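Enquirer: Okay, handing you the structure first.
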Amino acid sequence: MRPEIAYDCDVLVVGGGIVGLSTAYAITRAAPGTRVTVLEKEAGPARHQTGRNSGVIHSGIYYRPGSLKARFAVRGAAEMVKFCAEYGIAHAVTGKLIVATERSELPRLHGLVQRGRENGIPVRELGGSQIAEYEPEVRGLAAIHVGTTGICDFVGVARQLAEASGAEIRYGARVERVDRRPELGVAVRTTAGDVVRARVLVNCAGLHCDEVARLTGDDPEMRIVPFRGEYYSLARPELVRGLVYPVPDPAFPFLGVHLTRGIDGGVHIGPNAVPALAREGYGWGVVRPRELGATLAWPGSWHIARRHWRYGAGELRRSVSRAAFTTAVRRLLPAVTAEDLVPTAAGVRAQAVLRDGTLVDDFLIKEGARAVHVLNAPSPAATASLPIGREVAGRALAMLATV
Ligand SMILES: Cc1cc2nc3c(=O)[nH]c(=O)nc-3n(C[C@H](O)[C@H](O)[C@H](O)COP(=O)(O)OP(=O)(O)OC[C@H]3O[C@@H](n4cnc5c(N)ncnc54)[C@H](O)[C@@H]3O)c2cc1C
């Protein structure tokens, strides 16, 4: 006979970023009465990736048709605009330009037009001289204008999801141990010594999701390799009206320094991508030997270094030299000078890497006994957070029905 267990909640969510909070929101919407607790180690929501990104509602144009990224970004962008409008959260549908500055980029630009059509995203093709209609200071050989891209306050969205979910949210609660018994349930202990018992655990720990998965006893078969993205703000924001992106490199679709006029009216330039020396390593001075050791012990990290050292060296140079960064930006915005670039807050991407060095491209969600793990939720996961939350919630509720 099963012992009677006093569960503190039905579903325990680890991580109060936009994905964890959207999951909590989706659970209580789909199954009112389900008791959800969210444990977040910081003093408030969205202190990591969700609060340190470009703030762009992505259209979904880049992603492979049929992938979770494509489906969830296209749907998520429309839902995000609606959510912001409904709750009075700052947002705007601005559209964006993707600009080719070299002939070699033209076939890829045309490929994006095709991909946009496949993903149901309307785009307008522009010749070099038409770019000025949107961005008088931007130069290029050709461009496309994507109408559905926007900007918003993702921290505001996360706060609203937390409030509207009705979940119990405990801040300052870092999960440091998990005791998962498939026949009984999951008990987690926080650093402060509190114990929370749940029927099902959902892991939305972002930069620490692989560690939390391993605490449950599941092997995630990936590791998070943290890549810092550094930004500058533009001292002359009048040089840029909206959002301007380069044509992405197919090997690194998440890279490419872009120009973004944010919801606060300021223009941000970045991010690049350099290895971070800690999961939350927002500057070169932040080094956590245990985390760095874990990254170096993962064979996938070395495969990446061997395959991509040339590209990485360029990114490192742009990280330490403002002149090199300026040169990269000038390809799109010739009027910019090094004095226009003012360093500003950086973000760190939680990129899942497999043992053989494959950078996991699509969103990755896996299940273990009584556990759902979100193991890869990089950009555009903030845009796509409402559909991702529903997907994770659906899996957690299905699991709940069987235990
Ligand atoms: C530089 C950069 C630019 C980006 N630009 C965009 C963009 O323009 N548009 C877009 O859609 N996406 C963008 N993204 C991606 C987007 O920010 C992320 O996909 C999204 O925020 C992921 O949300 P999350 O909830 O999974 O992670 P996070 O926001 O990192 O949340 C995870 C939470 O888990 C908590 N946590 C971790 N471990 C524990 C533990 N043991 N116990 C308790 N709590 C724990 C953390 O404190 C954190 O709050 C960008 C990302 C970066 C880094």
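Enquirer: How far is it, in nm, from the label point at R108 to the one at S321 when both lie 7 Å from their Cα along the line to the Cβ?
Expert: According to this spin-label approximation, the distance is 2.2 nm.
Enquirer: What does a probe at D8 reach in region 349-381, counting residues whose amide N is under 20 Å from the point 7 Å along Cα→Cβ?
Expert: The answer is 370-373.
Enquirer: Select from S165, G265, V212 the residue farthest towards the positive end of the dipole of the chain; place +1 on Cβ of Lys and Arg, -1 on Cβ of Asp and Glu, and compute about the Cα centre.
Expert: Of the candidates, V212 comes out farthest on the positive side.
Enquirer: In sequence order, what are the phi-derived ³J(HN,Hα) couplings for region 393-403 according to the Karplus relation 6.51 cos²θ - 1.76 cosθ + 1.60 with θ = phi - 60°, rounded to whole Hz, with x for glycine and proline?
Expert: 4, x, 5, 5, 5, 4, 5, 4, 5, 9, 10
Enquirer: Restricting the calculation to Cα positions, tell me the Rg (one decimal) and the Dmax (whole number) of the chain in Å.
Expert: Rg, Dmax (Cα atoms, Å): 21.4, 76.
Enquirer: A follow-up question, please. If you place +1 on the Cβ of every Lys and Arg, -1 on the Cβ of every Asp and Glu, and leave all else neutral, what size is the dipole of the chain about its Cα centre, to the nearest 20 Debye?
Expert: Values: 50 positive and 40 negative charges, 111 e Å.
Here the chain has a charge dipole of around 540 debye.
Enquirer: Work out the charge dipole of the chain with +1 on the Cβ of Lys and Arg and -1 on the Cβ of Asp and Glu about the Cα centre, then indicate which of G150, V336, L364 is farthest towards its positive end.
Expert: In the chain, that residue is L364.
Enquirer: Count the net charge of all other residues whose Cβ sits under 12 Å from the Cβ of T337, scoring Lys and Arg as +1 and Asp and Glu as -1. Could the numbers behind the result be given before it?
Expert: Numbers: positive: R236, R322, R330; negative: E339, D340.
Around T337, the charge tally is +1.
Enquirer: One quarter of the convex hull surface, Cα atoms only: what value does that give for region 96-147 in nm²?
Expert: Numbers: hull surface 12.6 nm².
Result: 3.1 nm².
Enquirer: Related question: Treating the beta-carbon of each Lys and Arg as +1 and of each Asp and Glu as -1, no other charges, what is the dipole magnitude of region 96-147 about its Cα centre, to the nearest 20 debye? Walk me through the numbers before you get to the answer.
Expert: On the way: 7 positive and 7 negative charges, 36 e Å.
For this selection, approximately 180 debye.
Enquirer: Now, a different point. Among L106, G116, Q130, flag the residue with its Cα farthest along the positive direction of the charge dipole of region 96-147, charges on Cβ as +1 for Lys/Arg and -1 for Asp/Glu.
Expert: G116
Enquirer: What's the local net charge at S379, with K and R +1, D and E -1, over the other residues with C-beta under 13 Å away? Please list the in-between numbers first.
Expert: Working: positive: R52, K69, R349; negative: D361, D362.
Result for the neighbourhood of S379: +1.
Enquirer: What whole-number distance in Å separates the alpha-carbon centres of region 55-81 and region 226-280?
Expert: Result: 19 Å between the Cα centres.
Enquirer: With the crude spin-label approximation of a point 7 Å out along Cα→Cβ, what separation in nm comes out for R290 versus R181?
Expert: It is 2.7 nm.
Enquirer: Could I ask something else about it? Contact order normalised by length for the chain, with contacts defined as Cα pairs under 8 Å and 6 or more residues apart; what percent is it?
Expert: Values: 906 pairs, mean separation 97.1, N = 403.
Rounded, it is 24 percent for the chain.
Enquirer: Another one. Using a 1.4 Å probe on the protein heavy atoms only, what accessible surface does D219 show? Give it in Å² to the nearest 10.
Expert: Roughly 110 Å² of D219 is accessible to a 1.4 Å probe.
Enquirer: Taking 45 Å as R0, compute the FRET efficiency from the Cβ-Cβ separation of A369 and A305 and round it to 0.05.
Expert: Values: r = 35 Å, r/R0 = 0.78.
In this case the efficiency is close to 0.80.
Enquirer: A follow-up question, please. For the pair A192 and E163, what calculated FRET efficiency results from E = 1/(1 + (r/R0)^6), where r is the Cβ-Cβ distance and R0 = 22 Å, to the nearest 0.05?
Expert: Values: r = 24 Å, r/R0 = 1.08.
The computed FRET efficiency comes out at 0.40.
Enquirer: In Å and whole numbers, how far do the C-alpha atoms of region 250-306 stretch along each principal axis, longest first?
Expert: Over region 250-306, Cα extents along the principal axes are 42, 29, 14 Å.
Enquirer: Among the aspartates and glutamates, which fall within straight-line cross-link reach of K96, defined as a Cα-Cα distance under 18 Å, with same-chain neighbours fewer than 8 residues apart omitted?
Expert: E105, E125, E133, E135, E137, D153, E238, D249, D264
Enquirer: Between V342, V240, V146, which gets the highest mean-square fluctuation from a Gaussian network model of the chain, Cα cutoff 10 Å?
Expert: V342
Enquirer: Here's a follow-up. Rounded to the nearest 10 Å², what accessible area does S104 show when all protein chains are kept and the probe is 1.4 Å?
Expert: For S104, solvent-accessible area is about 80 Å².
Enquirer: With +1 assigned to the C-beta of every Lys and Arg and -1 to the C-beta of every Asp and Glu, and no other charges, what is the dipole magnitude of region 225-359 about the Cα centre in debye, to the nearest 20? Walk me through the numbers before you get to the answer.
Expert: Details: 17 positive and 10 negative charges, 65 e Å.
With Lys and Arg at +1 and Asp and Glu at -1, about 320 debye.
Enquirer: A further question follows. Name the residue, out of Y231, Y63, Y171, whose mean-square fluctuation peaks in a Gaussian network model built on the chain with Cα pairs under 10 Å.
Expert: Top of the fluctuation ranking is Y171.
Enquirer: Equivalent-ellipsoid semi-axes (√(5λ), Cα gyration tensor) for region 225-359, whole Å, largest first?
Expert: That gives 28, 16, 13 Å for the three semi-axes.
Enquirer: Excluding S104 itself, calculate the net charge of residues whose Cβ lies under 13 Å from the Cβ of S104, where each Lys or Arg counts +1 and each Asp or Glu counts -1. Could the numbers behind the result be given before it?
Expert: Numbers: positive: R103, R108, R331; negative: E102, E105, D249.
For residues surrounding S104, the net value is 0.
Enquirer: Tell me, what HN-Hα J-couplings in whole Hz come from the Karplus equation 6.51 cos²θ - 1.76 cosθ + 1.60 at θ = phi - 60° for each residue of region 258-263, using x for Gly and Pro?
Expert: Listing the rounded values in order: 10, 10, 9, 7, x, 5 Hz.
Enquirer: With θ set to phi - 60°, apply the Karplus curve 6.51 cos²θ - 1.76 cosθ + 1.60 along region 270-284 and write out the HN-Hα couplings as whole Hz, x wherever there is a Gly or Pro.
Expert: These are the phi-based 3J(HN,Hα) values: x, x, 8, 8, 10, x, 8, 8, 7, 4, 10, x, 8, x, 4 Hz.
Enquirer: If I build a Gaussian network model for the chain, linking alpha-carbon pairs within less than 10 angstrom, which residue out of H110, H58, H268 has the largest mean-square fluctuation?
Expert: Comparing H110, H58, H268 in the GNM, the peak value goes to H110.
Enquirer: Does anyone have the angle between helix 68-87 and the longest principal axis of the chain? Alpha-carbon axes, 0 to 90°, nearest 10?
Expert: Tilt of helix 68-87: around 90 degrees.
Enquirer: Can you send over the solvent-accessible area of M80, 1.4 Å probe, protein chains only, in Å² to the nearest 10?
Expert: Probe radius 1.4 Å; accessible area of M80 about 0 Å².
Enquirer: Applying a 10 Å radius around every beta-carbon, put 196-206, 273-283 in order of their mean neighbour count, most first. Please report the intermediate quantities before stating the final value.
Expert: Details: 196-206: 26.0, 273-283: 20.5.
Put in order of decreasing packing, that is 196-206, 273-283.
Enquirer: Sticking with this structure for a sec: In deg cm²/dmol and to the nearest 500, what is the mean residue ellipticity at 222 nm of the chain if only DSSP H runs of at least 4 residues count, each as -39500 (n - 2.57), divided by the residue total?
Expert: Working: 10 runs with 128 residues, N = 403.
Calculated at 222 nm, the ellipticity per residue is -10000 deg cm²/dmol.
The values are calculated or read from the model by the stated rules, or taken from the named source; none is laboratory data. These numbers come from a predicted model, not from an experiment. Virtual Cβ from ideal backbone geometry, glycine too; neighbours counted across all protein chains shown. Areas reflect the complete protein model, heavy atoms only, side chains present, ligands, DNA and RNA absent. Shrake-Rupley method; radii C 1.70, N 1.55, O 1.52, S 1.80 Å.
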